[in-house]
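Enquirer: This is the structure I want to talk about, given as structure tokens.
The values are calculated or read from the model by the stated rules, or taken from the named source; none is laboratory data. What you see is a predicted model, and the numbers here were worked out from it, not measured in a lab. Positions of Cβ are backbone-derived with ideal geometry, glycine not excepted, and every protein chain shown enters the neighbour counts.
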Amino acid sequence: MQVAPRGAATSLTLVTWFETMPPGSLRGLVLESDDLERDVAALRAAGVALDGDIEDQPWGRFVTLADPDGNGIVLQASR
């Protein structure tokens, strides 16, 4: 289920079926980028370890990383 305030550009997707995303975690946090290459370069320049290179999917492109607490973050650029 996806929820958002009326007219908002930000939404939350509520899920319960991923064992790797327990309640209270931020393992499914997705941030939208309007320039994925620039943001990936800036993260790498700041010493952030990414889980790999930018991946392509039919819905867009993305890269994953973890915050210092181990929560997974997806930085994506939708098509």
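Enquirer: Taking only segment 57-67 into account, find how many residues are surrounded by 12 or more Cβ atoms within 10 Å (Cβ to Cβ) and either at pLDDT 95 or above or hydrophobic (A, V, I, L, M, F, W, C) (or both).
Expert: 5
Enquirer: Please name all residue pairs, on different chains or six or more residues apart, with Cβ atoms under 7 Å, provided the first residue is in segment 37-56 and is surrounded by 11 or more Cβ atoms within 10 Å (Cβ to Cβ) and the second residue is among the polar types (S, T, N, Q) and assigned to a loop (DSSP other than H, G, I, E, B).
Expert: Taking only residues 6 or more apart or on different chains, the pairs are Asp39/Ser33.
Enquirer: In segment 23-79, what residues are assigned to a strand (DSSP E or B), touching a helix residue (DSSP H, G or I) at 6+ places or on another chain (Cβ under 7 Å) and farther than 21 Å from Thr10 by Cβ?
Expert: Across segment 23-79, the qualifying residue is only Leu50.
Enquirer: Continuing with the same structure: Determine whether segment 26-36 contains at least one residue that is among the charged types (D, E, K, R), surrounded by 10 or more Cβ atoms within 10 Å (Cβ to Cβ) and out of contact with any strand residue (DSSP E or B) (no Cβ under 7 Å at 6 or more places or on another chain).
Expert: Of segment 26-36, the ones among the charged types (D, E, K, R) are 27, 32, 34-35.
Pick out the ones that are also surrounded by 10 or more Cβ atoms within 10 Å (Cβ to Cβ) and you get 27, 32, 35.
The next check asks that each one be out of contact with any strand residue (DSSP E or B) (no Cβ under 7 Å at 6 or more places or on another chain); those that pass are 35.
Yes, segment 26-36 has at least one match.
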